[in-house]
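The values are calculated or read from the model by the stated rules, or taken from the named source; none is laboratory data. Just so we're clear, the structure is a prediction, and the values are computed from it rather than from any experiment. As a convention, Cβ positions derive from the backbone with ideal geometry for all residues, glycine included, and neighbour counts pool all protein chains shown.
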Amino acid sequence: MVVINTTRQYHKTSSIDLTKEFTICESFACLDSPYMIALKKPEPYGALIGNLLIAANILKPGTKILEAGGGYGSLMKGLLGTYLPLVRHVYMVDISKALLNIQRKNLSPWKKFTTFINADITEVMHAVSNIDLIILNEVIGDLDTWTGLEAKNLPDDAARMVENYHLDIPSEGTFNFNMGAISLIEKICKKGIPVFISEHSSDPIIPKDMTFLEKDLELDSFPREIKLYGHSEFTIRFSHLIQIAKAWHRNTITGPTSELVGLKNTQQMRFIFTMHACATEKQEIIFEILDHIREYRWLVIY
Ligand SMILES: C[S@@+](CC[C@H](N)C(=O)[O-])C[C@H]1O[C@@H](n2cnc3c(N)ncnc32)[C@H](O)[C@@H]1O
């Protein structure tokens, strides 16, 4: 039986504590975060995303940005703190009123450059226009996931997506399908707006010089449930998003989030991870961030 996992009610009604979710954005939100010891060149996460988008010639003078699901607003704070001269305006769209209030407070130094909209991005995407860049950081895993799909007996809507975009699915048995994420990316591709995405991945990429991070990690699987406080999210099959982008004649670049943030790759870090050797708090922090970030992947569609 197909069951749809949705987090709408949770996000609309709960007082959300993102420290319980251990997002990469919060881990590297500011220079005094303890996790910064793992980076070669510490910079706030928003600035690191900015570096990537500038290199891809997507963030340039006059850019109008829409960030959906901005959490505490930390990514945008880092981006505006470093690259304000390139940004004309930012629209923060979030389903959670409580988080939107925190974003408003954290982004108050840039009041005249920011607008806050309480909405479900999947419901308002059709109305989005005049935007040069969409940011979806750790959001699409929260969108509807169809669980328990039978490979040989797909519901009509899922079968249509699989056929139209030639999505690879298991040949038999049951699997989970990122219907919400896939539909949103389809809408964005149809509009031709460049988008930056980062999320837990069911098909993560491990940097060539960090293969020790592959230990017990599924590299080519289908969305798995991540149980969190009060709700569940699912990992994203990035190859499905890339198929959709290609079908709409969009370009893609993708890679491991560990590389995007410039993770150090020292012998000591390798030892800590491989042996789970954590005698000090610093070593615990390194193990924790390596174990967490290795499953993350980013994708830019432009
Ligand atoms: C896991 S948090 C990530 C927050 C932040 N981007 C980060 O990386 O720390 C998910 C965010 O997406 C928002 N969200 C979830 N579903 C949404 C939807 N359908 N439309 C808009 N925002 C949504 C939540 O309220 C929250 O701000």
Positions within segment 222-253 being within 14 Å of Thr147 (Cα to Cα) and assigned to a loop (DSSP other than H, G, I, E, B), in sequence order: Phe222, Pro223, Arg224, Thr235, Arg237
Matching residues in segment 205-223 - criterion: being under 15 Å from Pro170 (Cβ atoms) and surrounded by 15 or more Cβ atoms within 10 Å (Cβ to Cβ): Ser221, Phe222, Pro223
Failed criterion for Arg237 (all others in (1) over 19 Å from Asn178 (Cβ atoms); (2) more than 16 Å from the ligand (Cβ to nearest atom); (3) not acidic (Asp, Glu) hold): (1)
Qualifying position, being within 12 Å of the ligand (Cβ to nearest atom), in a helix (DSSP H, G or I), on the phi < 0 side of the Ramachandran plot and among the β-branched types (Val, Ile, Thr), among Ile54, Ile37, Ile49: Ile49
Some residue of segment 233-244 being touching a His at 6+ places or on another chain (Cβ under 6 Å) and closer than 27 Å to Phe28 by Cα: yes
Pick from segment 14-34, criterion touching a residue at least 24 places away in the same chain (Cβ under 8 Å) and assigned to a helix (DSSP H, G or I), ranking: nearest to Met76 (Cα to Cα): Cys25
Residues that are within 15 Å of the ligand (Cβ to nearest atom), closer than 26 Å to Pro61 by Cβ and over 20 Å from the mean Cα position of the chain (by Cα), drawn from segment 75-105: Arg104
Per-region count, segment 121-137, residues in contact with a Leu (Cβ under 9 Å, 6 or more places away or on another chain) and either outside any helix (DSSP H, G or I) or away from the ligand (no atom under 14 Å from the Cβ) (or both): 8
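Rundown of residues vs (1) touching a helix residue (DSSP H, G or I) at 6+ places or on another chain (Cβ under 6 Å); (2) under 16 Å from Phe28 (Cβ atoms); (3) of a type in the set (Phe, Trp, Tyr), yes/no style:
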| residue | (1), (2), (3) |
| --- | --- |
| Ile54 | no, no, no |
| Gly62 | no, no, no |
| Ser74 | yes, yes, no |
| Met92 | yes, no, no |
| Ile95 | yes, no, no |
| Ala98 | no, no, no |
| Ile102 | no, no, no |
Segment 117-151, residues that are more than 18 Å from Ile301 (Cα to Cα), surrounded by fewer than 21 Cβ atoms within 10 Å (Cβ to Cβ) and either hydrophobic (A, V, I, L, M, F, W, C) or at pLDDT below 95 (or both): Ile117, Ala119, Val124, Ala127, Ala151
Matching residues, segment 138-167, being under 30 Å from Leu52 (Cα atoms) and in a strand (DSSP E or B): Thr145
